[in-house]
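Data first, discussion second: the structure below is written as structure tokens.
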Amino acid sequence: MAKHDLHLTRNIGIMAHIDAGKTTTSERILFYTGLTHKIGEVHDGGATMDWMAQEQERGITITSAATTCFWNYDGKKYKFNLIDTPGHVDFTAEVERSLRVLDGAVATFCAVGGVQPQSETVWNQAEKYGVPRICYVNKMDRSGANFYEVVKQIKDILGARSCAIQIPVGSEENFKGVVDLIKMKEILWHDETQGAEYEVGEIRPELRAEAEEWREKMLETVSEFDDALMEKYLSGDVESISEEEIRAAIRKGTLANELFPVICGSSFKNKGVQTMLDAVCAYLPSPKDRNDIIGHSVDSEDEKIVRHADENEPLCALAFKIATDPFVGRLSYFRVYSGKVDAGSYVFIPRSGKKERVSRLFQMHSNKQNAIEVVEAGDIAAGVGFKDIRTGDTLCDENNQIVLESIKFPDPVIGIAVEPKSQADVDKLGNGLAKLAEEDPTFVVRTDEQSGQTVISGMGELHLDIIIDRLKREFKVECNQGKPQVNYKESITTTVSHRESYKKQSGGRGKYADMLLEVGPVDDDFVGSLQFVDQVKGGNIPKEFIPAIQKGFVNAMKNGVLAGFPVDQLKVVVVDGSYHPVDSDQLSFEICANLAFKAACAKAKPILLEPIMKLEVVTPEENMGDVIGDLNKRRGQVEGMETSRTGARVVKAKVPLAETFGYVTTLRTISSGRATSSMEFSHYEAVSNTIAKAVVEEAKGRVDLLK
């Protein structure tokens with residue numbers, strides 16, 4: 001990879017609600033930066049970044065695609081590592097892992113839909129990782145487009161300090177261009193050159209007053225980030241404020257995650273993309289701007305280690321995605337934070353404690369690879385040759401070890417049982433599922449201990465549909481599938497004290513373990529699944545047996561006492577116990593812990609938890625009564641109703657996942673195809689006794705059927 005000034009590098013992602021125009025925007029970026037010579041369209045399956053057959057058929061993004069391109073701004077050549085992320089909630093893990101390694105993001109909003117449910121989700125994900133953002137209001141050419149309303153929604157719904165630095169020239173079918181509020185110039189695009197050429201001129205008289213008003217609002221907002229600018233603004237000396245001063249203040253606010261510049265355009269109509277690229281160069285951070293990379297030592301999370309974006313520092317990188325390519329094999333995508341990786345060199349993986357050889361390195365362009373010799377600090381690339389690497393692994397120098405914060409993914413909420421159609425497909429199915437699970441951390445494969453079935457779990461029906469489709473196309477496996485099953489969890493509601501003893505004599509050395517413990521719900525501020533507290537005094541249970549007790553509970557929590565569903569959270573306090581100097585060993589205490597879990601949880605008033613989904617339905621007024629009636633039948637709780645700018649009603653509700661199967665079809669029937677819905681996971685909630693009883697009986701019935 002050729003030497004490039006890190007200050008001129010931008011690692012950015014395009015993120016948004018489904019159908020806000022992320023991939024269309026990415027395709028325009030590739031065209032205007034000269035990486036492609038023909039604009040690929042999502043609707044005809046020709047998008048470069050949507051390379052999977054499933055993406056092209058459905059017109060949606062499923063997997064995040066990375067590419068590298070260059071853009072000239074202010075006389076300098078900027079390098080973009082661009083990641084196009086999915087919008088559908090079922091593929092939220094792709095957004096999560098992309099945002100973990102990016103320096104900045106372009107949050108794209110539909111000028112008609114505004115801030116939609118998944119817009120909030122991706123915005124919160126970016127907040128979690130502290131990723132600076134600029135806001136791009138797309139689809140200004142659509143009927144019902146309203147730029148000013150979206151700016152207001154970003155402020156009201158997302159709680160972000162939005163600051164318009166452009167306003168549109170016209171809207172809907174009359175959208176022609178934008179007014180740059182910093183230069184106070186009008187920019188109009190030429191349709192005949194597919195937007196490649198545009199002209200900058202004076203603001204038309206009828207827009208002048210509005211432009212002055214919005215420039216005033218912009219100056220008021222950005223002046224808070226620069227004392228000299230604030231002084232000029234308050235003294236009324238606005239004329240002396242230079243473009244450079246305004247840009248510097250906007251950049252400062254954006255990098256601090258306190259200001260979010262808003263621009264607009266219509267990617268499909270080839271308007272506004274170049275000014276968006278200019279804004280990325282001007283306001284989003286380079287790797288140098290996010291310079292302090294903080295990790296911890298291998299031995300202690302409290303011992304912090306700092307690295308800087310410099311190729312001369314020791315290697316520090318994070319693997320954020322694993323993909324299987326039919327031609328080059330297993331690709332590991334990683335972001336280098338400090339140091340460099342050479343093709344053919346070795347890197348150290350602290351999780352496994354092993355050195356791995358990187359046989360080849362690639363700069364990615366969607367699903368195509370360009371071979372390179374070295375990847376330096378601040379860059380994103382893919383490597384081949386890693387045998388044991390997982391999503392979220394740190395790669396470092398063996399003599400200068402560091403562990404970066406890994407990536408946390410949501411638990412799957414829905415599962416289906418699968419089996420191969422023929423005996424010949426058994427091995428192929430296992431191999432295919434293993435590779436897909438390695439690629440996607442939210443896709444989990446397990447064997448049901450009670451029924452012996454292979455159950456695959458994911459984030460939604462579409463997610464599992466895609467998995468089954470990929471098994472068929474990529475791994476040539478035909479499989480039968482069962483009905484969707486909800487991934488229930490179990491929990492307990494009270495704290496109980498329990499004594500458990502395990503004794504076994506079989507001639508010679510026996511087994512002995514004895515423990516007194518308290519089992520109950522976790523503390524309010526605890527994050528995790530098992531809160532384990534050791535309060536044993538005086539060595540009544542030797543210290544070397546305590547980890548075995550903890551391990552016993554961790555394993556036991558995979559199967560609850562009600563119906564074998566995993567236990568969500570548990571607090572275990574080991575109070576006392578006893579041991580035998582000859583018969584006691586780690587296995588004895590592990591088995592004893594397993595038995596204690598079953599006995600104690602049965603006494604602690606166990607309950608069943610089910611996943612609850614956040615649902616938003618946009619429906620015509622005349623169908624609203626039927627929609628709400630249907631939601632009530634599905635045990636839904638309507639939380640609010642609003643009127644959208646287009647006059648449609650927006651119904652927000654929380655609905656149990658178990659009641660949502662086939663909902664889209666029902667909604668189409670109710671509204672004659674005019675209503676739309678979007679859904680995402682919200683939380684787990686206790687199930688009523690009647691439904692819990694039915695679920696438990698059904699789970700036991702499945703097991704009895706297979707015996």
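The values are calculated or read from the model by the stated rules, or taken from the named source; none is laboratory data. Computed from a prediction, not measured in an experiment: that's the story for all the values here. Using ideal geometry, Cβ is built from the backbone for each residue, glycine included, and neighbour counts are taken over all protein chains shown. Accessible surface areas use protein heavy atoms only, side chains included; no ligands, DNA or RNA. Shrake-Rupley method; radii C 1.70, N 1.55, O 1.52, S 1.80 Å.
Separation between the Val664 and Glu642 pseudo-spin-labels, each 7 Å from Cα along Cα→Cβ, expressed in nm?
Taking the simple label geometry, Val664 and Glu642 are separated by 2.4 nm.
Could you name the aspartates and glutamates in cross-link range of Lys421, using Cα to Cα under 16 Å and dropping any fewer than eight places away on the same chain?
Lys421 reaches Asp469, Glu478.
So what does Tyr78 come to for accessible area, using a 1.4 Å probe and Å² rounded to 10?
Accessible area of Tyr78: about 20 Å².
What number comes out for the charge environment of Arg204, summing +1 per Lys or Arg and -1 per Asp or Glu over other residues with Cβ under 12 Å away?
Summing Lys and Arg as +1 and Asp and Glu as -1 gives -1.
Put His17, His7, His580 in order of accessible area, largest first, 1.4 Å probe: what do you get?
These residues rank, largest area first, as His7, His580, His17.
Could you name the lysines in cross-link range of Lys654, using Cα to Cα under 19 Å and dropping any fewer than eight places away on the same chain?
Partners within reach: Lys489, Lys614, Lys633.
Pairing the Cα long axis of helix 147-156 with the longest principal axis of the chain, what angle in degrees results, from 0 to 90 and rounded to the nearest 10?
Long axis of 147-156 versus the principal axis of the chain: about 40 degrees.
Which one of Pro606, Asn623, Ala658 is farthest out on the positive end of the charge dipole of segment 591-701, using unit charges on Cβ (Lys, Arg +1; Asp, Glu -1) and the Cα centre as origin?
Of the listed residues, the answer is Pro606.
Can you tell me which aspartates and glutamates have their Cα less than 15 Å from the Cα of Lys652? Leave out same-chain residues fewer than eight positions away.
Leaving aside aspartates and glutamates fewer than 8 places away in the same chain, those within reach of Lys652 are Glu120, Glu616, Glu621, Asp626, Asp630, Glu639, Glu642, Glu680.
Based on the alpha carbons, how large is the Rg to Rh ratio for segment 323-406 when Rh follows Kirkwood?
0.93
Around Phe386, which amide H atoms from residues at least 5 apart in sequence, or from another chain, sit under 5 Å from its own amide H, with H modelled in the peptide plane?
When sequence neighbours closer than 5 places are left aside, the close amide H contacts are Ser359.
Ignoring everything except DSSP H segments at least 4 long, calculate the 222 nm mean residue ellipticity for the chain; use -39,500 (n - 2.57) per segment, divide by total residues, nearest 500.
Rounded to the nearest 500, it is -8500 deg cm²/dmol.
Just read off the accessible area of Lys511 with the full protein assembly in place, 1.4 Å probe, to the nearest 10 Å².
Rounded to the nearest 10, the figure is 50 Å².
Leaving out ligands and nucleic acids, note down the accessible area per residue over the chain with a 1.4 angstrom probe, in whole Å².
43 Å²
Would you pull out the residues with amide H under 5 Å of Asp325's amide H, same chain only if 5 or more places away, H placed 1.01 Å from N?
Arg330, Leu331
Taking θ = phi - 60°, what integer Hz values does the Karplus form 6.51 cos²θ - 1.76 cosθ + 1.60 yield along segment 352-362, in sequence order, with x for Gly and Pro?
Karplus values, whole Hz, x for Gly and Pro: 9, x, 10, 8, 10, 8, 8, 6, 9, 10, 9.
Quote the accessible area belonging to Thr666 in square angstrom, nearest 10, computed with a 1.4 Å probe and with ligands, DNA and RNA left uncounted.
Ignoring ligands and nucleic acids, Thr666 comes out at about 50 Å².
Go from 0 up to the bin containing the longest alpha carbon distance in segment 265-367, width 10 Å each, and give me the % of pairs per bin.
11, 31, 30, 20, 7, 0
Of all DSSP beta bridges located in the chain, what percent are antiparallel, nearest 5?
80 percent
With all protein chains present, how much of the accessible area of the chain (probe radius 1.4 Å) comes from carbon and sulfur, to the nearest whole percent?
48 percent
Tell me the angle of helix 586-603 to the major Cα principal axis of the chain, expressed in degrees between 0 and 90 and rounded to the nearest ten.
The two axes meet at around 80 degrees.
Please go through the residue pairs Lys435/Lys483; Lys504/Lys537; Lys77/Lys288 and name each one whose alpha carbons sit more than 19 Å apart in this structure.
Lys435/Lys483; Lys504/Lys537
Residue by residue, what Karplus-based ³J(HN,Hα) values in Hz, rounded to whole numbers, does segment 187-201 have, using 6.51, -1.76 and 1.60 with θ = phi - 60° and x for Gly and Pro?
Here the 3J(HN,Hα) series is 10, 10, 9, 9, 5, 5, 9, 6, x, 5, 10, 8, 10, 10, x Hz.
Under 5 Å between amide H atoms, partner at least 5 residues away or on a different chain: which partners does Thr9 have, H built in plane at 1.01 Å?
Close amide H contacts, sequence-distant or interchain: Lys79.
Check each of the chymotrypsin sites (Phe, Trp or Tyr not before Pro) in segment 319-375 and keep only those in coil by DSSP with at most 12 other C-beta atoms within 10 angstrom; list them in order.
Phe327
Can you tell me how much longer the chain between Val238 and Arg161 gets when fully stretched, taken as 0.36 nm per residue apart minus their C-alpha distance, in nm with one decimal?
Between Val238 and Arg161, full extension yields 25.5 nm more.
At 0.36 nm per residue, minus the direct Cα-Cα distance, what do Asn399 and Val650 gain on full extension? Give it in nm, one decimal, please.
Between Asn399 and Val650, full extension yields an extra 84.6 nm.
Given 0.36 nm per residue, what is the gain on full extension from Glu210 to Glu173 after removing their alpha carbon distance, in nm?
11.3 nm
Once label points are set 7 Å from the Cα along Cα→Cβ at both Lys77 and Phe526, what is their separation, rounded to one decimal in nm?
5.8 nm
Taking Cα atoms, how many degrees apart are the long axis of helix 117-128 and the longest axis of the chain, rounded to 10 and kept between 0 and 90?
80 degrees
Mind checking segment 452-506 for trypsin sites (Lys or Arg not before Pro) that DSSP puts in a loop (not H, G, I, E or B) and that have at most 16 other Cβ atoms within 10 Å?
The qualifying sites are Lys476.
Please give, to one decimal in nm, the separation of the simple spin-label points placed at Asn632 and Glu373, each 7 Å out from Cα toward the Cβ.
Computed distance between label sites Asn632 and Glu373 equals 7.3 nm.
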